[in-house]
Every structure is written in structure tokens, then in C-alpha cells.
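The values are calculated or read from the model by the stated rules, or taken from the named source; none is laboratory data. Bear in mind that the values here come from a model prediction, so they are computed numbers and not experimental data. Here the Cβ positions follow ideal geometry from the backbone for every residue, glycine too, while neighbour counts run over all protein chains shown. Please note that ligands, DNA and RNA were not included when accessible areas were found on the heavy atoms of the full protein model with its side chains. Shrake-Rupley method; radii C 1.70, N 1.55, O 1.52, S 1.80 Å.
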Amino acid sequence: MTVPHAADEILLGFTRALRAAGVPVTQDRTHGFASAVALLGADDHRATYWAGRATLCAGPDDLERYDQVFHAWFNHRDGLPRPTPSTEASAPLATDLLGSDDDELAGDDAAGDDPVRAMASRTELLRHRDVGTMSASERRLLTTLFSALHPRLPMRRTARQHAWHRGSVDARRTLRASLRRMGEPADLAWRRRGARPRRVVLLIDVSGSMSSYADALLRLAHRFATTDEGRHVEAFTVGTRLTHITRALRQRDPDRALVAAGDTVPDWSGGTRLGEVMRVFLDRWGARGLARGAVVVVFSDGWERGDTALLGEQMARLHRLAHKVVWVNPHRGKAGYLPVQQGIAAALPHVDDFLAGHTLTTYAELLEVVADA
């Protein structure tokens with residue numbers, strides 16, 4: 001089977017046709033679909049079909065319209081698959097995409113289900129799987145699921161006021177309006193304080209104990225950095241040293257962004273000196289304004305090779321500067337976990353929220369905490 005010369009235009013046209021048919025296809029979903037097809041191969045009609053199912057459909061109500069548009073769109077393009085994938089032909093692909101070698105993920109009764117329902121249920125299970133224990137095939141699918149995360153930055157009130165239809169009386173504008181009417185009474189003018197996004201600072205531990213989660217955390221940071229208010233997001237990696245990676249993460253393509261970040265960070269899978277790194281961050285960046293009034297999110301398991309007393313001092317200093325401090329630990333949501341590590345014990349008194357960070361679901365919960373800060 002040959003691949004069309006303008007396959008990318010055809011795929012984009014398909015997403016526009018879906019949107020016209022009533023399927024809420026966003027730009028992020030379109031990007032996830034294109035990335036999935038590029039990974040699986042545009043010449044494989046079954047892969048294209050299931051990639052669209054997994055990335056473009058927001059719920060069960062979209063599936064029927066998706067099937068109709070897919071059949072109509074690709075059935076009239078030379079060089080592209082004509083038949084809509086059958087149940088028998090599509091089932092192996094769904095299994096391959098989701099890692100058929102993992103019995104726990106597949107479940108005992110999934111084999112007898114309809115392939116679409118089986119794939120949806122397995123995808124939902126994947127959202128609750130520990131990122132650090134995923135197989136290679138599961139990680140590939142997880143990269144497409146990140147496109148469904150839509151971070152919202154918290155808002156803060158500004159000192160400057162602007163015209164509004166209610167609020168407090170704007171005496172100056174009311175008086176000017178009256179003067180324009182030669183002193184006749186005019187309608188009252190109102191004003192209120194404006195709002196702007198609050199800065200969000202992400203500190204990501206890339207030491208050896210966090211290596212299995214580093215890729216997912218950087219993809220999450222990329223989602224923050226590429227939002228509409230991404231200019232208010234700053235990202236750093238911490239380990240044996242502090243590295244500013246915001247510019248690398250602002251590339252739209254997530255894979256290119258992660259490669260650029262990897263080229264920037266010199267201390268992958270090294271040791272952890274959180275206290276010293278926090279002091280460097282606060283001396284060079286935080287105290288000069290980056291952390292003032294910001295929401296600071298620290299991604300770390302709390303293993304500290306340096307002085308834990310220093311870490312406690314710097315966390316107290318950070319807590320005084322920031323609007324809110326959130327600590328995300330990948331072990332927090334696991335059964336039997338207790339925050340007994342010396343680093344965590346030193347930091348917790350100066351943390352506003354202590355969250356889990358080992359699954360896609362916990363990342364979604366983190367986005368809500370940040371948005372409501």
C-alpha cells in the first residue's frame with residue numbers, strides 16, 4: 001500500500017471534517033492524532049483508524065460520527081485504505097497499541113468485549129497505571145494521552161482597575177460624562193480590579209531515583225509551557241545542579257521539546273542535593289521576583305544526599321515568598337507509603353499541598369490544584 005504525497009494535508013482535512021460533523025476536535029487532539037499516525041505509520045489503515053479513535057474522540061457519543069466520517073473521508077482517496085477496519089482485523093491492533101503482554105492491564109474479560117469498548121476500558125486503566133512501571137508500548141500510548149491534559153493557570157487580582165458593568169463607582173468617569181452633558185446627571189460608571197495569570201514555577205527532580213518518572217514529568221511541564229498563558233510558566237530541573245529549561249519546553253512539538261531539554265540538562269540520573277539547589281534557585285531566581293506570589297510545584301521523591309536542615313531552611317524561605325508551594329511525590333499515592341524520608345520530613349512543614357504524582361489521573365488532579373491556587 002502506498003502513502004499519498006500529501007498525507008499530512010489529508011489527515012488535517014479529516015480532522016476538519018470531524019469538527020464539521022460535530023466532534024469537538026481541538027488543536028491538541030489534532031496534534032496528538034498526527035503524532036500517533038506518524039509513530040504507527042500513515043500507510044497502515046488500521047493504525048490510522050485506531051489512532052483517531054484514541055486521540056480525536058472525547059466520549060462514546062463521538063464514536064458513531066467518527067466511524068461515519070472516517071469511512072466517507074478515506075474511502076474516496078486514492079492510495080488510502082478504502083474499507084473501514086473490521087472488528088476481526090482491528091482487534092489485534094488495539095491489543096498491540098495497549099501492550100497485550102500485560103495481563104493485568106488487559107483484564108480477564110476484555111478478550112470477549114467489543115474491540116472499541118475493550119480499547120476504551122484499557123485506556124482508562126492506563127490512566128491509573130504507575131508511569132514508572134509501564135512497558136514501552138504503554139509509554140508510547142501514554143504520550144498521546146498527554147494531549148488530553150489542559151492546564152489552566154491560577155488568576156490573581158491586579159491593582160489597576162478597568163471599566164466594568166458592576167463593581168465600585170468610577171467617580172472620575174462619571175464626572176467626565178456629566179461634564180460632557182453640561183452638568184446634567186449621567187449614568188453611573190463602574191469599575192473593578194483586573195485579573196491576570198499567576199506565575200507557575202515547576203521544579204523537576206531528574207536524579208537517579210526519579211529517572212523512571214522524568215519523561216512523564218517533562219511532558220507534563222511541556223503541557224504547562226505551551227498553554228495560551230505559557231509565558232507565565234517557568235521550568236527547572238534539579239539534581240546536583242539547577243538547570244533552566246523553559247526555552248526548550250516552549251517548542252510546540254513535545255518530542256522535540258524533550259530532546260532539547262535533554263541536551264540542556266547535564267545531570268540526568270545523578271545524585272540529589274535539593275537543599276543546595278533550592279538555595280541557588282532562591283538566590284538567583286526566586287528572591288529576585290520569580291517566586292514572589294507564584295505557585296511553585298516541586299516534583300521529587302524527597303531523597304536528599306545533602307544537608308536536610310538546609311533543605312528545611314530553604315523550603316521555609318520559599319514558602320514565605322511564594323503564594324503556594326505544592327510538593328508532588330510519585331510514591332505518595334502508593335499503598336503503605338509514609339513520608340519518612342529525611343528530605344520529605346524537612347520539607348513538609350513548609351508545603352501547602354502534598355500530592356501523588358505517579359499516574360495520568362494524579363497529574364489531572366494536580367492541574368486542578370494549580371488552577372484553584
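Considering (1) out of contact with any strand residue (DSSP E or B) (no Cβ under 7 Å at 6 or more places or on another chain); (2) touching a residue at least 60 places away in the same chain (Cβ under 8 Å), the lone condition that Leu153 does not fulfil carries the number (1). Could you list all residues from the stretch 260-283 that are open to solvent by 20 Å² or more (accessible area, probe 1.4 Å), of a type outside the set (Ser, Thr, Tyr) and under 23 Å from Asp215 (Cβ atoms)? Matches in the stretch 260-283: Ala260, Gly262, Asp263, Pro266, Trp268, Gly270, Arg273.
When the residues of the stretch 10-22 are filtered to those that are of a type outside the set (D, E, K, R) and open to solvent by 50 Å² or more (accessible area, probe 1.4 Å), the one that is farthest from Phe74 (Cα to Cα) is Ala20. If you go through the stretch 165-191 and keep only what is surrounded by 14 or more Cβ atoms within 10 Å (Cβ to Cβ) and assigned to a helix (DSSP H, G or I), you end up with Arg173, Thr174, Ala177, Ser178. Taking the criterion of being surrounded by 24 or more Cβ atoms within 10 Å (Cβ to Cβ), touching a Lys or Arg at 6+ places or on another chain (Cβ under 9 Å) and at pLDDT below 95, the only residue of the stretch 292-305 that qualifies is Glu304. Residues of the stretch 159-178 being closer than 17 Å to Arg196 by Cβ and aliphatic (A, V, I, L, M), which ones? Those that are closer than 17 Å to Arg196 by Cβ and aliphatic (A, V, I, L, M): Ala159, Ala163. Determine whether Asp215 is surrounded by 22 or more Cβ atoms within 10 Å (Cβ to Cβ), in contact (Cβ under 8 Å) with a residue 40 or more places away in the chain and either among the hydroxyl-bearing types (Ser, Thr, Tyr) or under 27 Å from Trp303 (Cα atoms) (or both). Here the answer is no, as Asp215 does not meet what is asked. Filtering the stretch 218-247 to residues that are without any contact (Cβ under 8 Å) to a residue 24 or more places away in the chain and part of a helix (DSSP H, G or I) leaves Gly230, Arg231, Thr246, Arg247. Here Leu93 meets each of (1) modelled with pLDDT of 50 or more; (2) over 20 Å from Pro254 (Cβ atoms); (3) open to solvent by less than 60 Å² (accessible area, probe 1.4 Å); (4) of a type outside the set (Val, Ile, Thr) with one exception, condition (1).
Checking each residue in the stretch 23-57 for being of a type in the set (Gly, Ala, Ser), open to solvent by less than 30 Å² (accessible area, probe 1.4 Å) and without any contact (Cβ under 8 Å) to a residue 40 or more places away in the chain picks out Gly41, Gly52. Scan the stretch 306-345 for residues that are open to solvent by less than 60 Å² (accessible area, probe 1.4 Å) and without any contact (Cβ under 8 Å) to a residue 12 or more places away in the chain and jot them down. Of everything in the stretch 306-345, just one residue is open to solvent by less than 60 Å² (accessible area, probe 1.4 Å) and without any contact (Cβ under 8 Å) to a residue 12 or more places away in the chain, namely Tyr337. Condition first: modelled with pLDDT under 85, surrounded by 15 or more Cβ atoms within 10 Å (Cβ to Cβ) and farther than 29 Å from Asp228 by Cβ. Can you find one or more residues in the stretch 82-89 that meet it? Looking for residues that are modelled with pLDDT under 85, surrounded by 15 or more Cβ atoms within 10 Å (Cβ to Cβ) and farther than 29 Å from Asp228 by Cβ, one finds at least one in the stretch 82-89, hence yes. Can you name every residue in the stretch 270-298 that is among the charged types (D, E, K, R) and either closer than 16 Å to Gly343 by Cβ or touching a residue at least 60 places away in the same chain (Cβ under 8 Å) (or both)? Within the stretch 270-298, Arg273, Glu276, Arg279 meet the criteria.
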